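The values are calculated or read from the model by the stated rules, or taken from the named source; none is laboratory data. Computed from a predicted model, the values in this text were never measured in an experiment. Cβ placement follows ideal geometry from the backbone for every residue including glycine, while neighbour counts extend to all protein chains displayed. Ligands, DNA and RNA are stripped out before the accessible areas are found, and what is left, the full protein with its side chains, is counted by its heavy atoms. Shrake-Rupley method; radii C 1.70, N 1.55, O 1.52, S 1.80 Å.
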Amino acid sequence: MEALILLTLLFGLIFLRMPVPFAMLAASAGFILIETWFGSNPLFAIAGLKVIAQRMTPSLESFPLLAIPLFVLAGNLMNATGISDRIFTFAKALVAHIHGGLAHVNILASIVFSGMSGVATADAAGLGAIEIKAMTKAGFDRAFSAAVTAASSIIGPVIPPSVIMVIYAVLSGESIAKLFLAGILPGLLLGFILMLVIYGLAVTGRVHSPRSPRASFREVTCSAWRALPGLMAPVLLVAGLLTGVATPTELGAIVTVYAILLGLASRELSWMGFVTALRTTVYTIGALVFILACAAPISWIISVLNVPEMLQTGLLAISDNPVVLLLLINLMLLAAGLFLETTAILLIAVPTLLPLVRTIGMDPTQFGVMMIFNLLIGSITPPFGVILFIMMDIAKVSYGALVRAMLPFYVPIVITLILITLVPTITLFVPNLVAGGAP
């Protein structure tokens with residue numbers, strides 16, 4: 001009953017259009033006041049409202065969280081140095097001649113750029129503007145161009161570095177390096193499946209997809225040489241993870257310094273571009289840190305109320321089959337992703353669901369990749385998918401046209417989610433390979 005009161009307060013405030021961080025704070029405060037006056041648990045009366053401040057500040061005292069601003073800043077600096085254009089040109093030289101043309105280039109460029117920016121919105125807004133402009137200029141439909149860009153943007157937080165993976169690691173106690181390695185194959189798998197769908201749509205004539213002439217060997221090598229400095233950033237990151245020479249936070253600092261040196265060496269990073277990258281990073285991190293802090297009190301309340309144990313008992317009463325339970329969890333997360341922001345769900349769902357996942361024997365790293373991938377789907381699904389609104393603004397298309405263009409991509413994305421859920425090897429092969437264990 002107490003958990004129901006808390007959830008009613010939270011979702012009621014969100015339904016009234018209160019921003020999610022403030023809704024979490026207000027729901028925590030309101031619940032504590034109700035419990036103080038009418039509840040039977042003396043802990044809430046003793047703790048009082050001061051527990052909110054006591055929980056908010058310590059929740060941010062985590063060294064791994066320093067990786068987040070470093071990776072975000074590195075991605076913004078790469079955008080400021082014009083690396084995005086070079087990556088797109090290189091991808092165009094490789095795959096623009098295949099049926100689907102620049103749509104394949106869109107996917108491949110997002111895969112490469114994902115090694116520099118750990119935020120889906122950064123991929124969508126930065127590289128996405130270049131991709132949509134090139135596709136529409138080549139004759140692609142604007143809505144289809146925006147849909148491909150939206151679908152490919154969720155590859156970014158799956159392939160390392162990933163801001164949301166850092167948050168999951170802090171909440172679950174899992175290794176950031178292991179999570180980063182676990183995201184490599186799922187991200188590549190999603191890119192491959194999306195390219196198969198695009199190829200099928202192009203071959204069957206369901207979309208107009210002009211192709212470019214096959215690039216010559218000289219064009220490929222020239223574009224690769226120009227893109228090489230940018231391509232080295234993900235190479236540095238993955239090599240560092242594989243060898244273990246530095247922690248993910250230290251690697252974030254290394255990649256950031258590399259991005260600055262690259263900008264200075266190429267003379268493409270102006271002072272104004274540097275300041276803009278810093279300002280964008282501060283805005284992004286400020287909002288994210290505020291959400292993290294506001295989620296701490298409600299996470300504490302959930303723990304005190306034994307919500308994880310109650311949820312575990314309820315789900316096990318439905319079935320004790322791990323496959324059925326995982327499918328139920330996926331459905332719950334997909335439903336939540338339709339209405340709530342990705343980070344907010346993660347902050348509530350991880351402490352709630354992780355005990356159940358450990359009970360059924362699922363590796364927490366696999367569960368982390370599954371949950372992150374699931375929640376990212378919410379960012380490209382109506383009614384509140386934030387990336388959809390970004391794409392509408394960039395491509396200048398209506399919401400309805402964009403959602404209709406997205407429909408062919410939802411099926412392969414969900415299929416990828418099911419594969420990640422049911423086939424542990426997809427996520428655990430690379431981490432186990434590095435650790436020397438059996439995949």
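Within segment 266-274, does at least one residue satisfy the condition of being within 22 Å of Ile164 (Cβ to Cβ) and open to solvent by less than 40 Å² (accessible area, probe 1.4 Å)?
Within segment 266-274 (the criterion being within 22 Å of Ile164 (Cβ to Cβ) and open to solvent by less than 40 Å² (accessible area, probe 1.4 Å)), the answer is no, since none of the residues qualifies.
Mind listing whichever residues of segment 124-180 are under 17 Å from Ala401 (Cα atoms) and without any contact (Cβ under 8 Å) to a residue 40 or more places away in the chain?
Across segment 124-180, the qualifying residue is only Met135.
Anything in segment 346-393 that is among the hydroxyl-bearing types (Ser, Thr, Tyr) and farther than 16 Å from Ala405 by Cα? List them, or say none.
Correct list: Thr352, Thr359, Thr365.
Which residue is nearest to Pro58 (Cα to Cα), if the candidates are limited to segment 165-175 and must be surrounded by 24 or more Cβ atoms within 10 Å (Cβ to Cβ) and touching a Ser or Thr at 6+ places or on another chain (Cβ under 8 Å)?
Ranking the candidates gives Ile167 first.
Residues being part of a helix (DSSP H, G or I) and either open to solvent by less than 20 Å² (accessible area, probe 1.4 Å) or without any contact (Cβ under 8 Å) to a residue 40 or more places away in the chain (or both): count how many of those fall in segment 69-93.
Counting residues in segment 69-93 that are part of a helix (DSSP H, G or I) and either open to solvent by less than 20 Å² (accessible area, probe 1.4 Å) or without any contact (Cβ under 8 Å) to a residue 40 or more places away in the chain (or both) gives 12.
Among the residues of segment 357-375, count how many are in contact (Cβ under 8 Å) with a residue 40 or more places away in the chain and either of a type in the set (D, E, K, R) or surrounded by 21 or more Cβ atoms within 10 Å (Cβ to Cβ) (or both).
The qualifying residues number 11.
Do any residues in segment 44-68 that are free of Cβ contacts under 8 Å to residues at least 40 places away in the same chain have Cβ atoms under 6 Å from those of residues that are open to solvent by 30 Å² or more (accessible area, probe 1.4 Å), where the two are at least six apart or on different chains, and which pairs are they?
Sorted first by the residue in segment 44-68, then by its partner, the pairs are Ala45/Thr36.
Can you tell me how many residues within segment 235-275 are small (Gly, Ala, Ser) and within 19 Å of Asp85 (Cα to Cα)?
Residues meeting the conditions: 6.
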